[in-house]
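*Asks:* Below is the structure I would like to discuss, written out as structure tokens.
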Amino acid sequence: MVTAALRRGTALERARDAASAVVDPELPMLTLADLGVLRDVAVGEDGAVVAAITPTYSGCPAMAAMRDDLVRELRAAGFADARVRVVLEPAWTTDWITPAGRAALAAAGISPPGPAPRRSGPVPLRLTPTRRAVRCPRCGSDDVVVGSEFGSTACKALYRCQACLEPFEHVKEI
Amino acid sequence: MPDVRTHEPDDHDSAYSGLLVNDAHWAFGTDFEDPLAGVDTTVPDGVDPATLATYCLMLGDDALVLSQRLGEWCSNAPDLEEDIALSNIALDLLGQARLLLARAAAADAAQVPALPDGSPVPDEDRLAYFRDAQQFRNVRLAEVPNGDFAQTVVRILLFSTWRLALLDRLSQSRDAVLAAVAAKGVKELTYHRDFAGRWFLTLARGTEESRRRLLAGLDELWPYWSELFEPHDVERAAALSGVGVDPAGVAADVEAVLDQVFAASGVDRPALPPLAGSQGQTGHKGRDGDHTEALAELLAELQVVARAHPRGQW
């Protein structure tokens, strides 16, 4: 029994390593673990692996690709029976992006998110542009303006640097 | 499942790779992955499954129909930023619709349209593509044909202000799936409402022409506003059993937010009567399946490919 448990422990490590290395299809500089969408990896007594992921946004079109990539990497790591389940609660927040993930975003020219908004009571309406402590990932200037709260993927806003005039994307806080 | 593949699973580099694998392709829809895979969809004790399912269809249809309308803006918006914004909002709503329709199907399979034996089309796609207009439960505000950008701004403001309040309360639902979908939706709708509120203010305080268009859009849509707060029997029953929210109960909060936008914009509430239902003011409306003719036209475009290929591939 002890050896079986040990074996499963090692298998769990291997499964976690394999799943943690899978990258996000739309932000390939980030692993799913760095992005915070990989919520759990479990190995059953029968050796089956179940990885749990949560969507960043309700309509995130990358969920199917994430599932395919996870299953493929887990199979490549020797787990013939690999499945992916969806976790909806608690909802994903940008606060789950790891420090390594934030560094990888910045290195790729994408401004990482600040702290997610917290509230008690009704959601406040904001009629003026969202104020964020954002710096241009190219030149470091803080003289930046938001062009749109919506960008090339659901999770990003569009910014423009007034100093170097380059546009860039910012992972918006949710 | 037949041996249809859309792409090599590790190939994200080429948008065209899916075309080169073989001749059989998914004709439409969301692929064959269950959006609730592994989620416990047990109906809570004391809740009527049919009521829960119909309630989910109502909220899901609201999102699906408005998503389709906003999707019509893709490549047609005044500028690229707004084009992308409207598509993003449409995508968020489509995602909410998919989860809600899937939750409806899991609660009560009897409400899912039957397809030919062996059709792999998943439940949420059956509900989206194989119901007729009178089976849709969306409020009529969602189906009004698009006008100009100002009218769309008004519609998103009205819709997202209302839906944000609904989903915020629904995040306390006794149904854990609905609660989770709602909690996530609140985060998305916060951005939608801010987008629309800022544009409302900008257009109202912009030029004479932008203000004129905004007020025309508001007058056009205002008759659909009160319907959003008229509870249907299913909504009342869902609220009583602790899984749903009575929309009448959010009216005060929603009107307060709207007044905030109107005040900042120097806009008065329109003095226009509500649009009647099919049998008069208290008659059937969107939640009952009674719609304007615009919905049938919208669905014809939304559903034509799926209806032609009920086995889901071509």
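The values are calculated or read from the model by the stated rules, or taken from the named source; none is laboratory data. It should be emphasised that the depicted structure is a prediction, and the values quoted were computed from it without experimental measurement. Here the Cβ is made from the backbone with ideal geometry for all residues, glycine too, and neighbour counts use every protein chain on show.
*Asks:* Scan the stretch B:162-201 for residues that are buried (at least 23 other Cβ atoms within 10 Å of the Cβ), among the polar types (S, T, N, Q) and either at positive phi or at the interface with chain A (Cβ under 8 Å from one of its Cβ atoms) (or both) and report the count.
*Replies:* 0
*Asks:* Checking A:LEU127 against (1) out of contact with any Gly (no Cβ under 6 Å at 6 or more places or on another chain); (2) within 13 Å of another protein chain (Cβ to nearest Cβ); (3) part of a loop (DSSP other than H, G, I, E, B), which test does it fail?
*Replies:* Evaluating A:LEU127 over (1) out of contact with any Gly (no Cβ under 6 Å at 6 or more places or on another chain); (2) within 13 Å of another protein chain (Cβ to nearest Cβ); (3) part of a loop (DSSP other than H, G, I, E, B) leaves (1) as the failure.
*Asks:* The conditions are (1) away from every other protein chain (no Cβ under 14 Å); (2) part of a loop (DSSP other than H, G, I, E, B); (3) surrounded by fewer than 20 Cβ atoms within 10 Å (Cβ to Cβ), and A:VAL134 fails exactly one of them. Which is it?
*Replies:* So A:VAL134 meets the others, but not (3).
*Asks:* Suppose we filter the stretch B:268-314 for residues that are more than 20 Å from the chain's Cα centre (by Cα), of a type in the set (Gly, Ala, Ser), modelled with pLDDT of 85 or more and in a loop (DSSP other than H, G, I, E, B); how many remain?
*Replies:* Counting residues in the stretch B:268-314 that are more than 20 Å from the chain's Cα centre (by Cα), of a type in the set (Gly, Ala, Ser), modelled with pLDDT of 85 or more and in a loop (DSSP other than H, G, I, E, B) gives 1.
*Asks:* As an exercise: evaluate A:ARG118 against (1) charged (D, E, K, R); (2) closer than 22 Å to B:ARG193 by Cα; (3) touching a strand residue (DSSP E or B) at 6+ places or on another chain (Cβ under 7 Å) and give the number of the one condition it does not meet.
*Replies:* It fails just one condition, (3).
*Asks:* Find the helices (runs of 4 or more DSSP H) located wholly in the stretch A:1-89 whose residues include 3 or more that are of a type outside the set (Gly, Ala, Ser) and either without any contact (Cβ under 8 Å) to a residue 12 or more places away in the chain or surrounded by fewer than 17 Cβ atoms within 10 Å (Cβ to Cβ) (or both), and list them.
*Replies:* Those helices (runs of 4 or more DSSP H) span A:2-20, A:63-76.
*Asks:* Quick one: which of B:PHE136, B:PHE159 is touching a Gly at 6+ places or on another chain (Cβ under 7 Å) and surrounded by 24 or more Cβ atoms within 10 Å (Cβ to Cβ)?
*Replies:* Answer to the check: B:PHE136.
*Asks:* Here's another thing I want to ask about it. Within the stretch A:137-158, how many residues turn out to be assigned to a loop (DSSP other than H, G, I, E, B), under 23 Å from A:ASP24 (Cβ atoms) and hydrophobic (A, V, I, L, M, F, W, C)?
*Replies:* Within the stretch A:137-158, residues that are assigned to a loop (DSSP other than H, G, I, E, B), under 23 Å from A:ASP24 (Cβ atoms) and hydrophobic (A, V, I, L, M, F, W, C) number 3.
*Asks:* Report every pair of residues separated by at least 6 positions or lying on different chains whose Cβ atoms are under 7 Å apart, first residue within the stretch A:113-126 and within 14 Å of B:GLU188 (Cα to Cα), second among the aliphatic types (A, V, I, L, M) and part of a loop (DSSP other than H, G, I, E, B).
*Replies:* Hits for this filter: A:ALA116/A:ILE174.
*Asks:* Here's something else I'd like to know. Hey, among the residues in the stretch B:224-269 that are away from chain A (no Cβ under 14 Å) and of a type in the set (Ser, Thr, Tyr), which one's surrounded by the fewest Cβ atoms within 10 Å (Cβ to Cβ)?
*Replies:* So, considering only residues that are away from chain A (no Cβ under 14 Å) and of a type in the set (Ser, Thr, Tyr), the one surrounded by the fewest Cβ atoms within 10 Å (Cβ to Cβ) is B:SER226.
*Asks:* Collect the residues in the stretch B:41-59 that are among the charged types (D, E, K, R) and part of a helix (DSSP H, G or I), keeping them in residue-number order.
*Replies:* Matches in the stretch B:41-59: none.
*Asks:* Hey, another quick one. Taking the stated definitions as given, is B:ASP62 of a type in the set (D, E, K, R), in a loop (DSSP other than H, G, I, E, B) and either away from chain A (no Cβ under 12 Å) or farther than 19 Å from B:LEU164 by Cβ (or both)?
*Replies:* Judged against the criteria, B:ASP62 is not a match.
*Asks:* Take the conditions more than 17 Å from B:GLU188 (Cβ to Cβ) and either within 14 Å of chain B (Cβ to nearest Cβ) or small (Gly, Ala, Ser) (or both) and apply them to A:SER148. Does it pass?
*Replies:* No; evaluated as a whole, the condition is false for this residue.
*Asks:* Related question: Does A:ALA103 satisfy being part of a helix (DSSP H, G or I), free of Cβ contacts under 8 Å to residues at least 40 places away in the same chain and more than 14 Å from chain B (Cβ to nearest Cβ)?
*Replies:* yes
*Asks:* Which one of these does A:TYR57 not meet: (1) in contact with a Cys (Cβ under 8 Å, 6 or more places away or on another chain); (2) away from every other protein chain (no Cβ under 14 Å)?
*Replies:* A:TYR57 satisfies all of (1) in contact with a Cys (Cβ under 8 Å, 6 or more places away or on another chain); (2) away from every other protein chain (no Cβ under 14 Å) except (2).
*Asks:* If you don't mind, another one. When both residues are 6+ apart or on different chains and their Cβ atoms are under 9 Å apart, which pairs have a first residue that lies in the stretch B:115-131 and is in contact (Cβ under 8 Å) with a residue 40 or more places away in the chain, and a second that is in a helix (DSSP H, G or I) and among the hydroxyl-bearing types (Ser, Thr, Tyr)?
*Replies:* From the stretch B:115-131, the pairs are B:VAL121/B:TYR129.
*Asks:* With B:ALA142, B:ALA110, B:ALA176 as the choices, which residue is within 21 Å of B:GLU230 (Cα to Cα), in contact (Cβ under 8 Å) with a residue 60 or more places away in the chain and either in contact with a strand residue (DSSP E or B) (Cβ under 6 Å, 6 or more places away or on another chain) or not aromatic (Phe, Trp, Tyr) (or both)?
*Replies:* Of the residues listed, the single one that is within 21 Å of B:GLU230 (Cα to Cα), in contact (Cβ under 8 Å) with a residue 60 or more places away in the chain and either in contact with a strand residue (DSSP E or B) (Cβ under 6 Å, 6 or more places away or on another chain) or not aromatic (Phe, Trp, Tyr) (or both) is B:ALA142.
*Asks:* Right, another one. When you check B:GLY249 against the structure, is it closer than 29 Å to A:ILE174 by Cα and in a helix (DSSP H, G or I), yes or no?
*Replies:* Yes; evaluated as a whole, the condition is true for this residue.
*Asks:* Just checking, which of B:GLY197, B:GLY217 is closer than 27 Å to B:HIS291 by Cα and touching a residue at least 24 places away in the same chain (Cβ under 8 Å)?
*Replies:* On inspection, the qualifying residue turns out to be B:GLY217.
*Asks:* Would you please name the residue that is farthest from A:PRO55 (Cα to Cα), looking only at residues in the stretch B:54-98 that are buried (at least 24 other Cβ atoms within 10 Å of the Cβ) and in contact with an Asp or Glu (Cβ under 6 Å, 6 or more places away or on another chain)?
*Replies:* B:VAL65
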